Structures are given as C-alpha cells and as structure tokens.
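Where a number appears in this text, it was derived from the coordinates with a stated rule and is not lab data. Please read these numbers as outputs of a predicted model, since none were measured by experiment. FYI the Cβ positions are ideal-geometry reconstructions off the backbone, even for glycines, and counts take in every protein chain you see.
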Amino acid sequence: MFEFIESNKKITWLIIVATFTLLMLILVRLVFSKINKRAVERASKNIYTYRSIQRTLNIFFGILGLSLASYTLFDGDKYEVISKNIERIIWIGFVAVATLITVALTRSYFRHKITQSFESDKQDPTTYKYLNSLCTIFIYIIGISLAAYSFPDLRFLAQSAMTGAGVIALVIGVASQEAISNLVSGAFIVAFKPFQIGHTVQIGSTIKGVVEDLTLRHTVIRDFQNRRIIIPNAIVNKEYVTNFNMVETKVCEWLEVGIGYGSDVDLAIAIIRESAESHPLIFDNRTPEEVAEGKPIVDVRLVAWADSSVNLRAYMWADNSDDGVLLRHQLLKAVKAKFEAQGIEIPFPHRVIIQKTMYPPTVN
C-alpha cells in the first residue's frame, strides 16, 4: 500500500484533492439546502444572498481543487508560484464570502429598521432606504479592494481606494459626472427631507404620485395609474416639489361653476354650499371663533363675470389630497343635478352665424 503511494505520488495526490473537493461541494449543498428551505418557509428576502454565497463557495472549492491538482502538472521549481496563487485564491474566496455575508446582515438590519419606521410615525424610512443602498455599495467596494490587494499589480488601486485622500481625489475627479451627481442629490434629499417614503408628491408640473423608493441613483414614484416613474435624483433635486403630506395633510379644493347671467346667484350659492357641507368627505377647517361667529363650513364666492357666465367658486377642505379630488368630482355631478332641478342655467358657448347675400337674386 505504502509502496504504491510512494511510487504513484501524483495519482494519490489527485485522488486526495478530488475527494476533498467533492466532500466540500457536498457539504456546501447539504448546509445551504437547509438554509434555503428555511428561508423559503419564512419568505425571507435574503434567499438570493444565500444562493449567491452557495454559488461563490462552489466556485471557490472548484478553483481551489484545480489549483491543488496543478501540483501534479509542474516540476518542483514551480511549486512556490502555485502556492502563492493558492494563497490568493483562498484570500479572494474568504473576502467574497465575508462580503456577501456582511451585505446580507446589513440589508437585514436596514430592512428591519424600514419595517419599524413604517409602523411608527416618528421614524423616516427614506433615510434607511438610502443608507441601505449606500452601505451595500461601500461594502462591495471594500471587498473588491481587499481582493485586489492580493495582486501586486493592483495593490496601488486598493491602497488608493481605501485611503481618505484616494476617495476624496476620486470624488473630485468625477464629481461632474452624472452618477456622482445623482448620488450627491440623493444625499441632499435624505439630509433636507423634502419628502419621505409614502408621501404624495408632485415633481415639476406633470409627475404626481406616491414616493415608493429612493436609491443611490433614482427616486421611484408610483402614479395614480399604478405605473412606476423612475426619476434620477439630480432631476428631482432641480425641480420644485409639491408635498401633499408635509406638516399636515388637509387640502383646500376649489369647485368652480359657471351659471347664466339670468340665473339666481344667491340660490346657486346656497345649492353649492348645501351640497358640499352635507358631503361625508368635507372637513370643517373653521376655528372656534369662526364657528361662534356662524361662518359657513364652505365659503362660496362670485369670482368673475365671464363672456357667457357668472363664475362661482367654492372653497372646500378635505382631510387629504385623495379625499379632496374625490370630493370635487362627486360634487360636480351632484351640483349639476340640483341646478337642473331648480332651473339654474349652466351656460355653454353659443355661436351666431349671419349669412349675407353678396348679389341680389335674379328676377326673371
């Protein structure tokens, strides 16, 4: 037995390496089959990270096995080079697994904080969303730098990326680029908080919806047609933002109606006020002093004499912007029906066409 091993060292070494590699791959599969099964049962979002770690370990042991087997292909003077390469492979594998585990733990922590912030009104999920993305990128940069440090030709890159001067020089060098502009704009949004996750906002004059996510590059707005609008942070930072949830949610909606010049203005005002004040979505925004003075809940005023109508405007308060839109839409229908019942004209443009005869008719 020993004589066979002594005379067939290379074959014996290949058998040992193959057995070690196969056992490691089987062990990784058994361990992660249980981890992935438990993650599926708990509906954990870390399951993709677990699978990435599993694939990384499979690749690592596969390459390590091939590297160990390469001892049989070269003479003894090459063993030193092979040993250094194996050391690099082990270091890179360790860094890769450590990086993925750190990312998984970081995401799990921020996911927990985001869940808590949605349950509590005192915490802001926007900051945690942004920090989650920022920390993830930072961990990957550190991991790549540590892996590059094992290669002498790339060591200067790792040292530059991991020192403060290198980072500052890198930021200054590309600060004018779009990617860094979005990153800095996202940091401004987190710092100055023009909106939070879950707020209803209007970006510029056209984009309106609920803030759903904030990443290093862009802000995600879910509009009222359930479409996701991806806006770069730099654009959000430049546009004016209308926030319907900052400080308080109540809004004042306008209901503007035109009536004919021959209609009773006081009756039209009474119909609009009665219809609005009896609506379940109306919000009483009066102060105690205004209630004592008998000021109406809904103020209706004559605001213009138009070409073919007298324009009336009702100022109605609602608890939030969604209720305000629904309130206005429903009152438009109700007021029209009551105007028709009371004989109040809602005018529409009329055009009078006068036909002139250029030549007198021919008399036979």
Anisotropy class of segment 181-243 from Cα gyration tensor, a/c 1.5 cut: prolate
Over 20 Å (Cα to Cα) - which of K113/K238; K113/K193; K10/K78; K250/K338; K208/K250; K37/K129 fall in this group: K113/K238; K250/K338; K37/K129
Loop-located chymotrypsin sites (Phe, Trp or Tyr not before Pro) in segment 299-351 whose Cβ has at most 14 other Cβ within 10 Å (DSSP): none
Sorted by Cβ density within 10 Å, fewest first, the residues I53, I229: I229, I53
Fewest-first ranking of Y48, Y109, Y71, using other Cβ atoms within 10 Å as the exposure measure: Y48, Y109, Y71
Within segment 186-285, trypsin sites (Lys or Arg not before Pro) in DSSP loop having at most 12 other beta-carbon neighbours inside 10 Å: R227
Within segment 183-257, chymotrypsin sites (Phe, Trp or Tyr not before Pro) in DSSP loop having at most 14 other beta-carbon neighbours inside 10 Å: F224, Y240
Whole-percent pair-distance distribution, where bins are 10 Å wide, for the alpha carbons of segment 251-342: 17, 49, 29, 6
Euclidean distance between Cα centres, segment 285-304 to segment 50-74, Å: 78 Å
Packing-based exposure ordering (other Cβ within 10 Å, fewest first) of F283, F94: F94, F283
